[in-house]
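Before any comments, here is the structure.
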């Protein structure tokens, strides 16, 4: 019995003097501000009018459902870098993704390389906790004929 008490006391001592340790080494950083310049010129042949449509549902102004899953990439809508909370967490913009889905559909269905002079018609039906966003993009078909 005495041996059991000594073992229990030793186990308690070990458990109370050890624990989880987490180390964090922070490194000061500076923003990387890269500028890419290209002297390439593209010749774009402007064709007929093209259009694309997309819609999505938004719950609690955050959760998107029922929308498309293919988007035009590399295009920033609205002139900004996107929403964020102090630079910590990116906040998805369901309207911008719906615009990107409409642009993808317009380019894909017409076989265009770019949309020349795109115009977006955005309709938002807001029911306080639920929104329905409909986007229609119209423009002209742009086909790249050469890059020099």
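State all residues of segment 101-124 that are over 22 Å from the mean Cα position of the chain (by Cα) and surrounded by fewer than 12 Cβ atoms within 10 Å (Cβ to Cβ); if no residue qualifies, say none.
109, 111, 117
Tell me, yes or no, whether segment 111-121 has at least one residue that is more than 23 Å from residue 45 (Cα to Cα) and touching a strand residue (DSSP E or B) at 6+ places or on another chain (Cβ under 7 Å).
yes
Restricting attention to segment 137-148, and to residues there that are surrounded by fewer than 17 Cβ atoms within 10 Å (Cβ to Cβ) and in contact with a strand residue (DSSP E or B) (Cβ under 6 Å, 6 or more places away or on another chain), which single residue is farthest from residue 43 (Cα to Cα)?
The extreme case among them is 143.
The rows are residues; the columns are (1) surrounded by fewer than 10 Cβ atoms within 10 Å (Cβ to Cβ); (2) at pLDDT 85 or above; (3) over 24 Å from residue 117 (Cα atoms); (4) touching a strand residue (DSSP E or B) at 6+ places or on another chain (Cβ under 6 Å).
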position	(1), (2), (3), (4)
3	yes, no, yes, no
11	no, no, yes, no
18	yes, no, yes, no
24	yes, no, yes, no
39	yes, no, no, no
61	no, no, yes, no
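Rundown of residues vs (1) within 13 Å of residue 133 (Cα to Cα); (2) under 26 Å from the mean Cα position of the chain (by Cα); (3) in a loop (DSSP other than H, G, I, E, B), yes/no style:
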{"residue": "34", "(1), (2), (3)": "no, yes, yes"}
{"residue": "40", "(1), (2), (3)": "no, no, yes"}
{"residue": "43", "(1), (2), (3)": "no, no, no"}
{"residue": "46", "(1), (2), (3)": "no, no, no"}
{"residue": "54", "(1), (2), (3)": "yes, yes, no"}
{"residue": "57", "(1), (2), (3)": "yes, yes, no"}
{"residue": "61", "(1), (2), (3)": "yes, yes, yes"}
{"residue": "70", "(1), (2), (3)": "no, yes, yes"}
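The values are calculated or read from the model by the stated rules, or taken from the named source; none is laboratory data. Quantities reported herein were computed from a predicted structural model and do not represent experimental measurements. A quick note on method: Cβ atoms are made from the backbone with ideal geometry, for glycine too, and the neighbour counts reach across all protein chains shown.
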